[in-house]
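Chemist: Quick one: this structure, given as structure tokens, is what I'll be asking you about.
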Amino acid sequence: MPLWLIVSATMDAVSSVKLPVRQIYVSSSLWKKNLAAAGPQKFTQEFIDKQVEEFEVGKRHLANMMEEDPETFTQEDIDRSIAYLFPSGLFEKRARPFMKHPEEIFPKQTAIQWDAKGRPFHFLFYTGKQSYYSLLHDVYEKILAIERHQDKMRNKGLFTSDTKQILLTGSRWLLKEEIEENLVENISDQDYMRLIQLMEKLLSMPYCSLEKEFILKFRKQLEVQSSKYEIPALQYDPQGVAFSVADGRRKTAKASITLRDSGSGNITINGRNYLHYFPVLQNRVQLMFPLLFVGMMGRFDIEGSVEGSGHSAQAGALRLAISRALLSFVSEGEVEKMRQAGLLTADPRIRERKKP
Amino acid sequence: MTSCKREKNKDIKKINGVSFRITKRATQKFRHLHIPSSGQQLEAVALETASAEPNPLSVFRTSEQDPTYHSEGHTGQYYMLPPAHIQKLFPYGLPPRFQLQIKTFNEGCVMVRPPALELISYLKRADYSKPPLRYVLHGDIGTGKTMSLCHVLHYCYTQGWLIVHIPDAHLWIKNCKELLPSSSRPSRFDQPIQASQWLKNFKITNERFLSKLKTTQRYVWTKRESTKKGQPLGELIDQGVNRMKSSSDVVGAVLRELRLQAGGTTEGEGAFKLTVAVDGVNALWGKTSLKKEDRTMCEPEELTLIHNLRKMMKNNWSGGAILTALSQTGSVFKPRSAYLPNELLGEEGFDSMEPFVPVSVSNYNEKEFESCYLYYLDRSWLQHPHSRSEEGKKELIFLCNKNPSILERLCAAL
């Protein structure tokens, strides 16, 4: 009999007879909790405290294992030790084993924002993004303070527009993700743009140097990349001709090069002419590229030895070695250009392992 | 007066090369400034400059079309092969890429280079009553051995020599569709297609000698066919072309006849000089890639054509020269790095060829490269605007390392 008939029957005779209820078989997915609807996992403060304790104890154990002083065991030492004890060949660095402070692992969570009676602590709680709006509030307060300071200076007659400006070169505004991390709140793109516009307005005022520290909190310094490369030393042979030696690698191929000045563009690889060693045009183009880029085509004599892998990888290894050797003959600006052209980056691609 | 001035300028151009081009232009302009008032002289000057206009760009060309007069002053310059000569002399003799180039550019231009000039000078000074000298052109791959050989052959042709030209001996030891056991000798093998092809080419090249030369003995081909003594050579060749079965033997007979009559030792009328030009001579002493019916490898000795050619290579005749060039490109079972004579010829070949005069062919030098580059520019072969700049030229030099064939292939892709 269909279900609804049974139901109606039970409704009629509910008081008198207890009719058997038919089991409806449904899939077990209905009984499981809807995990996505719950939101990100919440950790209690006690839980995090316990994790921090365990981390500290673990750090001391690790220092003991590595026979180093537990008191002066830094995060770098921890990373080094973990890499030594658990070597991993995985390409993705984030998939390798690590041991970090719980602050960095567990996402920052806001504490409860209201008291026992349900009354919120912060006056902007009901905006939904209380930290963001309070930040905007603070910035506007500072703008007003600077305007007041300006008026005071004008009244005194000491107003000058050429005050100390904040140096902004070599730094950038924090990204939206970084600001979200600081505020422990999600903000939208428009909110982020609004914040940046407000900061720019603050910067446009003449006396903004009063709030220098505050502004620099929102700027991130960029490192100068090209200073990372070590330039091979320029050596001189008995005739007074300058030469430099450099290495390069690509896949499994290893190359070593001697670049001599005042030559005529001869290239010898493993004792053979490069025309015989690399019959394929593409490989010769790879060899040519660093010299062409720097514009010193007929100037050098190159003597190289290379081994391992195939012809393309050997050409790539030689190219890297030539670029590195050229660093000692070239000016600073050129080094930056070469880095941007990708000549100095070692190609990280390696053969993947066989999977079933 | 103006005409002899023009010739003098041309001569100066030939000797000095590039730098004079600028000064010539300067002198032209200078002449314009000093135009006298009379109209007649104005006209004469205008005529001269108008006719001299096409020349400034073609510094890499020379108008000397006869290889006999090519000298050191012409090195690096291109001379044009007359189309009639190309048809007659080189029906299949030129390298295939060069034939394509002739088709594209509508003209066949060959560069005058030191190895060819050296060979021509030796040929001019040789004594032809003695046994022939063997010249071997050797060098790295793609440096221009075959082209130098063709240049020297053109010289021989203009001098009126009889030319026996085997464009590539490697074609006779590989990829043979029909390998017949020889009709005359039991242990040998014939290659009818290759033999008849070669006889046809020989006929085209040496048309004028065929009626003059006569056979010295009677040749029997089959029970019914034979060639009597005293028949013109043309008949012998027709016999070979028509009857494919015996064409290899005909080749042997022709070569024998030429050997006997080369110095003009027999009948006085047919005094001619014979040149035997073989490209890829290392094929004669290497291994073949042909198999006999019982699936064993064929030795080059067992092929009639090769056997007869080897006889030609010996210097037991007189009145001619043997020009050869080694080649790795078509060779079988030889590594690509081998380019020296003893590597390519092998022990046996080296011993048979010895003594020989080696002529080394190398990559282009600066001037020759410049000349080739200008020639391609002139023919609008280098289309990309970057190739016209200095950096483009440097790139080309780097990528091909001044090797002629690689430069040609490089430019073809541009």
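Chemist: Which condition does A:Glu211 not pass, out of (1) assigned by the TED database to the domain that holds A:Gly170; (2) acidic (Asp, Glu); (3) open to solvent by 80 Å² or more (accessible area, probe 1.4 Å), if it passes all the others?
Modeler: The number of the failed condition is (3).
Quick grid of which residues meet (1) among the hydroxyl-bearing types (Ser, Thr, Tyr); (2) in contact with a Ser or Thr (Cβ under 8 Å, 6 or more places away or on another chain); (3) more than 14 Å from chain A (Cβ to nearest Cβ):
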{"position": "B:Arg310", "(1), (2), (3)": "no, yes, yes"}
{"position": "B:Ser360", "(1), (2), (3)": "yes, no, yes"}
{"position": "B:Asn363", "(1), (2), (3)": "no, yes, no"}
{"position": "B:Leu382", "(1), (2), (3)": "no, no, yes"}
{"position": "B:Lys394", "(1), (2), (3)": "no, no, no"}
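For every residue, the table says whether it meets (1) among the basic types (Lys, Arg); (2) over 26 Å from B:Gly139 (Cα atoms); (3) within 14 Å of chain B (Cβ to nearest Cβ).
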| residue | (1), (2), (3) |
| --- | --- |
| A:Gly304 | no, no, no |
| A:Ala313 | no, yes, no |
| A:Arg319 | yes, yes, yes |
| A:Arg324 | yes, yes, no |
| A:Arg339 | yes, yes, no |
| A:Arg351 | yes, yes, no |
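Chemist: Could we say that A:Tyr140 is assigned to a helix (DSSP H, G or I), surrounded by 15 or more Cβ atoms within 10 Å (Cβ to Cβ) and modelled with pLDDT of 90 or more here?
Modeler: For A:Tyr140, the condition - assigned to a helix (DSSP H, G or I), surrounded by 15 or more Cβ atoms within 10 Å (Cβ to Cβ) and modelled with pLDDT of 90 or more - is not met.
Chemist: Within segment B:371-395, which residues are among the acidic types (Asp, Glu) and surrounded by fewer than 18 Cβ atoms within 10 Å (Cβ to Cβ)?
Modeler: Answer for segment B:371-395, where residues must be among the acidic types (Asp, Glu) and surrounded by fewer than 18 Cβ atoms within 10 Å (Cβ to Cβ): B:Asp378, B:Glu390, B:Glu391.
Chemist: I would also like to ask the following. For the condition modelled with pLDDT under 90 and surrounded by 11 or more Cβ atoms within 10 Å (Cβ to Cβ), what is the one hit in A:Phe159, A:Phe121, A:Phe98, A:Phe125? Spell out the reasoning first.
Modeler: Details: A:Phe121 fails: modelled with pLDDT under 90; A:Phe98 fails: modelled with pLDDT under 90; A:Phe125 fails: modelled with pLDDT under 90.
The match here is A:Phe159.
Chemist: Still on this structure, I have one more. State whether one or more residues within segment B:234-250 are out of contact with any helix residue (DSSP H, G or I) (no Cβ under 6 Å at 6 or more places or on another chain), open to solvent by less than 40 Å² (accessible area, probe 1.4 Å), of a type in the set (S, T, N, Q) and closer than 30 Å to B:Thr146 by Cβ.
Modeler: Checking segment B:234-250: not a single residue is out of contact with any helix residue (DSSP H, G or I) (no Cβ under 6 Å at 6 or more places or on another chain), open to solvent by less than 40 Å² (accessible area, probe 1.4 Å), of a type in the set (S, T, N, Q) and closer than 30 Å to B:Thr146 by Cβ.
Chemist: Shifting gears a bit: State yes or no: is B:His165 in a strand (DSSP E or B), under 24 Å from B:Asp249 (Cα atoms) and either without any contact (Cβ under 8 Å) to a residue 40 or more places away in the chain or touching a Leu at 6+ places or on another chain (Cβ under 9 Å) (or both)?
Modeler: Numbers: in a strand (DSSP E or B): yes; under 24 Å from B:Asp249 (Cα atoms): yes; either without any contact (Cβ under 8 Å) to a residue 40 or more places away in the chain or touching a Leu at 6+ places or on another chain (Cβ under 9 Å) (or both): yes.
So B:His165 passes the test.
Chemist: Further question on the same structure: Could you list all residues from segment A:278-298 that are part of a loop (DSSP other than H, G, I, E, B) and either under 23 Å from B:Ile141 (Cα atoms) or touching a Leu at 6+ places or on another chain (Cβ under 8 Å) (or both)?
Modeler: Matches in segment A:278-298: A:Phe278, A:Pro279, A:Val280, A:Met296, A:Met297.
Chemist: Consider segment A:264-286. How many of its residues are of a type outside the set (D, E, K, R), open to solvent by less than 50 Å² (accessible area, probe 1.4 Å), within 20 Å of A:Leu326 (Cβ to Cβ) and within 8 Å of chain B (Cβ to nearest Cβ)?
Modeler: Summing the residues that are of a type outside the set (D, E, K, R), open to solvent by less than 50 Å² (accessible area, probe 1.4 Å), within 20 Å of A:Leu326 (Cβ to Cβ) and within 8 Å of chain B (Cβ to nearest Cβ) in segment A:264-286 gives 2.
Chemist: How many residues does segment B:204-250 hold that are charged (D, E, K, R) and assigned to a helix (DSSP H, G or I)? Write out each step before concluding.
Modeler: Initially, segment B:204-250 is screened for residues charged (D, E, K, R), giving B:207-208, B:212, B:214, B:218, B:223-225, B:228-229, B:235, B:238, B:243, B:245, B:249.
After this cut, where a residue has to be assigned to a helix (DSSP H, G or I) as well, the list is B:207-208, B:235, B:238, B:245, B:249.
Adding up the residues that qualify gives 6.
Chemist: Which pairs turn up if I take residues in segment A:120-149 that are more than 15 Å from A:Ile179 (Cβ to Cβ) and look for partners that are open to solvent by 60 Å² or more (accessible area, probe 1.4 Å) and aromatic (Phe, Trp, Tyr) with beta carbon separation below 9 Å, at least 6 apart in sequence or on another chain?
Modeler: Close Cβ pairs (under 9 Å, with a partner that is open to solvent by 60 Å² or more (accessible area, probe 1.4 Å) and aromatic (Phe, Trp, Tyr)) amount to A:Pro120/A:Trp114; A:Pro120/A:Tyr126; A:Phe121/A:Trp114; A:Leu124/A:Tyr133; A:Phe125/A:Trp114; A:Thr127/A:Tyr133.
Chemist: Only one of B:Met80, B:Met111 is within 27 Å of B:Gly280 (Cα to Cα) and either open to solvent by less than 60 Å² (accessible area, probe 1.4 Å) or assigned by the TED database to the domain that holds B:Asp378 (or both). Can you tell me which?
Modeler: Residue meeting the stated conditions: B:Met111.
Chemist: Does segment B:405-412 include one or more residues that are within 16 Å of A:Leu275 (Cα to Cα), within 14 Å of another protein chain (Cβ to nearest Cβ), open to solvent by less than 80 Å² (accessible area, probe 1.4 Å) and in contact with a Lys or Arg (Cβ under 9 Å, 6 or more places away or on another chain)?
Modeler: Taking every residue of segment B:405-412 in turn, at least one turns out to be within 16 Å of A:Leu275 (Cα to Cα), within 14 Å of another protein chain (Cβ to nearest Cβ), open to solvent by less than 80 Å² (accessible area, probe 1.4 Å) and in contact with a Lys or Arg (Cβ under 9 Å, 6 or more places away or on another chain).
Chemist: If we scan segment B:327-336, do we find a residue that is more than 14 Å from every other protein chain (Cβ to nearest Cβ), open to solvent by less than 50 Å² (accessible area, probe 1.4 Å) and polar (S, T, N, Q)?
Modeler: Yes, because at least one residue in segment B:327-336 is more than 14 Å from every other protein chain (Cβ to nearest Cβ), open to solvent by less than 50 Å² (accessible area, probe 1.4 Å) and polar (S, T, N, Q).
Chemist: A:Ser323 fails exactly one of the following numbered conditions: (1) under 32 Å from the mean Cα position of the chain (by Cα); (2) under 14 Å from B:Phe398 (Cβ atoms). What is the number of that condition?
Modeler: (2)
Chemist: Can you tell me which residue within segment A:162-181, out of those that are assigned to a loop (DSSP other than H, G, I, E, B) and charged (D, E, K, R), is surrounded by the most Cβ atoms within 10 Å (Cβ to Cβ)?
Modeler: Filtering segment A:162-181 for residues that are assigned to a loop (DSSP other than H, G, I, E, B) and charged (D, E, K, R), the one surrounded by the most Cβ atoms within 10 Å (Cβ to Cβ) comes out as A:Lys164.
Chemist: Taking the residues in segment A:237-263 that are in contact with a strand residue (DSSP E or B) (Cβ under 7 Å, 6 or more places away or on another chain) and more than 24 Å from A:Leu344 (Cβ to Cβ) as candidates, determine which candidate is nearest to the other protein chains (Cβ to nearest Cβ).
Modeler: So in segment A:237-263, the residues in contact with a strand residue (DSSP E or B) (Cβ under 7 Å, 6 or more places away or on another chain) come out as A:237, A:241-248, A:253-261, A:263.
Restricting the remaining residues to those that are more than 24 Å from A:Leu344 (Cβ to Cβ) gives A:237, A:241.
Working: A:Asp237: 24, A:Val241: 21 Å.
Per the criteria, the residue is A:Val241.
Chemist: Being of a type in the set (D, E, K, R) and at pLDDT below 90 narrows it down to one of A:Asp12, A:Asp69, so name that one. Write out each step before concluding.
Modeler: Details: A:Asp69 fails: at pLDDT below 90.
Just a single option satisfies the conditions, and that option is A:Asp12.
Chemist: Now for a separate question. Would you be able to say whether some residue in segment B:126-134 is touching a residue at least 60 places away in the same chain (Cβ under 8 Å), under 16 Å from the mean Cα position of the chain (by Cα) and either crowded, with 19+ Cβ neighbours inside 10 Å or in a loop (DSSP other than H, G, I, E, B) (or both)?
Modeler: yes
Chemist: Are there strands (runs of 3 or more DSSP E) fully within segment A:182-269 with at least 2 residues that are at pLDDT 90 or above? List them. Break it down into steps so the answer makes sense when it comes.
Modeler: Values: elements: A:219-221, A:242-250, A:253-260, A:267-269.
The strands (runs of 3 or more DSSP E) meeting that bar are A:242-250, A:253-260, A:267-269.
Chemist: Take segment A:295-328 and flag every residue that is open to solvent by less than 30 Å² (accessible area, probe 1.4 Å), out of contact with any Gly (no Cβ under 7 Å at 6 or more places or on another chain) and not polar (S, T, N, Q).
Modeler: Of everything in segment A:295-328, those that are open to solvent by less than 30 Å² (accessible area, probe 1.4 Å), out of contact with any Gly (no Cβ under 7 Å at 6 or more places or on another chain) and not polar (S, T, N, Q) turn out to be A:Ile302, A:Gly304, A:Val306, A:Ala313, A:Ala315, A:Gly316, A:Ile322, A:Ala325, A:Leu326, A:Leu327.
The values are calculated or read from the model by the stated rules, or taken from the named source; none is laboratory data. Since we're looking at a predicted model, the values are computed, not measured. Positions of Cβ are backbone-derived with ideal geometry, glycine not excepted, and every protein chain shown enters the neighbour counts. For accessibility, only protein heavy atoms count, side chains too; no ligands or nucleic acids. Shrake-Rupley method; radii C 1.70, N 1.55, O 1.52, S 1.80 Å.
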